[in-house]
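The values are calculated or read from the model by the stated rules, or taken from the named source; none is laboratory data. Computed from a predicted structure; not experimentally measured. Methodologically, a virtual Cβ is constructed for each residue, glycine included, from the backbone with ideal geometry; neighbour enumeration extends over all protein chains shown.
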Amino acid sequence: MESLWNNVKLKMKDSLPDHSFRMWIQPIEFLASENSVITLLCPNTFSRKRVKDNYIQGIINEFSTLGFADLQIELETPENICHNSSKDSPKGKGGATGDGLSGLKKKFGATTGSSQKGSTSDSLNKGLLLSDAKSSGACLNARKRSSAPKQLTLPGLNLMFDSGRILKKNYTFDQFVVGDNNDFAYSASLSLAQGARNGNSAIYLLAGTGLGKSHLSQAVGHHAMNQGITDKVFYVTAEDFTNEMVYCLKNNTINNFKEKYRRKCDVLILEDVHFLSGKDATQKELAMTLDYLLDAEKRLIFSGCYLPGEIPKMNEQLKSRLTMGLVTKMDAPDFSTRVKILKKKSKEYGCKIPNDVTDYIAQELCDNVRQLESGLAGVAAKASLMGEMLNIDLARSVLQNITKTKQAITVDVIKKLVCSEFGVTEQDLVSPSRKKKHVHPRQLAIYLARKYTDQPLKKIGKSFNRYHATAIYSINAVEKAMKKQGPYSEQLNYLYNKIESGKII
Ligand SMILES: Nc1ncnc2c1ncn2[C@@H]1O[C@H](COP(=O)(O)OP(=O)(O)OP(=O)(O)O)[C@@H](O)[C@H]1O
């Protein structure tokens, strides 16, 4: 169940503005599951109230799209649990809150997984074990051992470090399954991590969503640190880089920023390069930083869904620096690699999946590895939560929610939906009109077509009489607008719900 919750989190990451996700959803941890009730642990009462008021419905919806429609979600806080336990205790003082979230989970017998993003490597049965521990008063005993209460941190505040984001603990080379689709990217990344330059100190990992860019680029960081090569590994997204630069400019600390990236970094991992589109000042600064790093033969790993040359409003200097090293493309895995991935992941989750079920999942889910993981987690979680046999019928009942949506959505279906919601015609969508009332629905339709269909961007652009670059620009514009919570993201969530509920077909 813990990995099911991690999948729900991943889905929410896509639909919420980044800061809201990091502040409110990311810190929530799975605590227990019993009889179709899932208990989640919020860091404190304030966060619990906020989640209850604003995000609980979204959480329920995401569980339901993963095939768990009838679950009840309970939100707990460390204080609350130990307060409840202390009612049974003759002299319950102090509290597990002092140890924070992970301490409390340890006391309850659950593993904490990756500190930031939650690991999928824990057994799917942990939730049930956890409930047992809870009912047998483990918290109470733990409380007696705990030290004086300490202040809890605000949710999400410890996610960024001076050197960027924390690397996910299981994004290592040995957890990465190599197939025909990614063997070149894998070898190039490994060789860069090991310091065999072959004339290259930079790599650009190019792939669609969920195909392993973050996994492989973070594996380079892990390797450099674990092998004692360097601990000066900076892992940032292009958005983080931009925000940090703007912050430093405003606070007159831009020299520190330059010093940090140019002189204190041995390995720079920069993700989601397409975010830089149109950000002239950041592009110039990054190009200069890359000159320093390339001259010093530092290791650079970039990743993005598009080639730099395809990203609109990107300056030529930066484009050429980003592609100075190897550009390696990762494709969707073929059937046998999907089976290998499922087998590896099910071992990680600590569950045994019969071969025919693994084959079935691999046949049904072929878009990307994230989707594959989500299907596997859903199937295993349903078997564990409902106490059902893990067989093809059960797998079918979980996967049909994922595949039904996927099969039926085409660019035309999306166009029709957007037209009916915005009161425009299909002709308006494909026309050259730059009027806001046409541009807005057109950009949304392009974004949705990218999200819900398998069509390549070139083809999507063509369906709207647009160039490839304009399609990328539209997607970036929607992603940017979504980050500001408000009518725009609500509108988009509404469209997601309509599409995913199958109500438009
Ligand atoms: N070859 C692989 N072997 C094992 N796991 C993989 C592989 N490729 C991807 N994954 C897993 O799939 C999930 C998604 O991968 P990742 O986050 O690296 O994708 P991404 O390309 O960075 O996607 P996005 O562009 O949406 O951020 C992760 O849990 C990752 O561990």
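Key figures for this structure:
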read-out: Residue check for K347: free of Cβ contacts under 8 Å to residues at least 12 places away in the same chain and within 15 Å of the ligand (Cβ to nearest atom); value: yes
read-out: In segment 299-324, residue nearest to the ligand (Cβ to nearest atom) [restricted to those that are of a type in the set (V, I, T) and outside any strand (DSSP E or B)]; value: I311
read-out: Number of positions in segment 156-176 that are at pLDDT 85 or above and under 15 Å from the mean Cα position of the chain (by Cα); value: 5
read-out: Exclusive hit being touching a residue at least 12 places away in the same chain (Cβ under 8 Å), surrounded by fewer than 21 Cβ atoms within 10 Å (Cβ to Cβ) and within 16 Å of the ligand (Cβ to nearest atom), set V369, V327; value: V327
read-out: Odd one out for E34, checked against (1) of a type in the set (D, E, K, R); (2) under 17 Å from S374 (Cα atoms); (3) more than 12 Å from the chain's Cα centre (by Cα); value: (2)
read-out: Options A193, A188, A224; residue that is more than 16 Å from the ligand (Cβ to nearest atom), surrounded by 14 or more Cβ atoms within 10 Å (Cβ to Cβ) and either assigned to a helix (DSSP H, G or I) or among the aliphatic types (A, V, I, L, M) (or both); value: A224
read-out: Subset of segment 364-387 (residues that are assigned to a helix (DSSP H, G or I), under 18 Å from G210 (Cβ atoms) and polar (S, T, N, Q)); value: Q371, S374
read-out: Only one of K313, K284, K279 that is surrounded by fewer than 16 Cβ atoms within 10 Å (Cβ to Cβ) and under 14 Å from N476 (Cβ atoms); value: K313
read-out: Extreme residue, nearest to A202 (Cα to Cα), among residues of segment 266-276 that are out of contact with any Gly (no Cβ under 8 Å at 6 or more places or on another chain) and crowded, with 23+ Cβ neighbours inside 10 Å; value: L268
